[in-house]
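S.K.: Questions regarding the structure given below will be posed in turn.
Each value in this text was obtained by applying a stated rule to the coordinates, not by laboratory testing. This one's a predicted model, so the numbers in the text were calculated from it and none came from an experiment. FYI the Cβ positions are ideal-geometry reconstructions off the backbone, even for glycines, and counts take in every protein chain you see.
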Amino acid sequence: MAIPSDNLKTNYLRMNNFKELKVWQRAIELVILIYKITQTFPTEEGYGLTSQIRRAASSIPSNIAEGAGRMSPEDFIHFLNIAKGSSFELETQLIIAHELNYVSQPDFESLTQKLDEIQKMISGLQRSINNK
């Protein structure tokens, strides 16, 4: 990779403050909701679906933060891809939980709507980084 121009480097370095990224903030909000909802899951799911759902959810903002802390736009995009993959994993697990009646219809719709918004925000951030 070529060394970025000063303007691009300055813009990229500003992105390293992941806590200012709206997509990271929304992902954190989703994690909190996921933890609250999975508290109602059957106790026998503690090491199964509950754990998987929580890990996938927390992986989304974690990978956004890790990518933002990397020194190249390519690395950031790579970690955003991982975050997006985790979001699709979470979506699949929520479908399973809903089918098992662990998640109510209103909660399922709310969570999947928030997840869809986060997925779109990640894609938009990737496009933004690619266009710089």
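S.K.: Run the simple label-point estimate for Asp116 and Lys22 please: 7 Å along Cα→C-beta, distance reported in nm.
M.R.: 1.8 nm
S.K.: How large is the charge dipole for the chain, taken about the Cα centre, if only the Cβ atoms of Lys, Arg (+1) and Asp, Glu (-1) carry charge, to the nearest 20 debye?
M.R.: 580 debye
S.K.: Report the one residue of Gly46, Ile34, Asn131 whose Cα lies farthest in the direction of the positive end of the charge dipole of the chain (charges on C-beta: Lys and Arg +1, Asp and Glu -1; origin at the Cα centre).
M.R.: My answer, from the dipole projection, is Asn131.
S.K.: Can you list the lysines whose alpha carbon is less than 28 Å from that of Lys36, not counting same-chain residues fewer than 8 positions off?
M.R.: Those lysines meeting the cut-off are Lys19, Lys22, Lys84, Lys114, Lys120.
S.K.: Just from its helices, what would the mean residue ellipticity at 222 nm be for the chain, if runs of 4 or more DSSP H residues each count -39500 (n - 2.57) and the sum is divided by every residue, rounded to the nearest 500 deg cm²/dmol?
M.R.: Value at 222 nm, helices only: -26000 deg cm²/dmol.
S.K.: Also, quick follow-up: Can you tell me the Rg and Dmax of the range 20-100, counting just the alpha carbons, in angstroms?
M.R.: 13.6, 43
S.K.: For Ser104 and Gln39 in the same chain, what is the full-extension length gain: residue separation times 0.36 nm, less their Cα-Cα distance, in nm? List each step's numbers first, then the result.
M.R.: Details: separation 65, 0.36 × 65 = 23.40 nm, distance 1.33 nm.
Full extension from Ser104 to Gln39 adds 22.1 nm.
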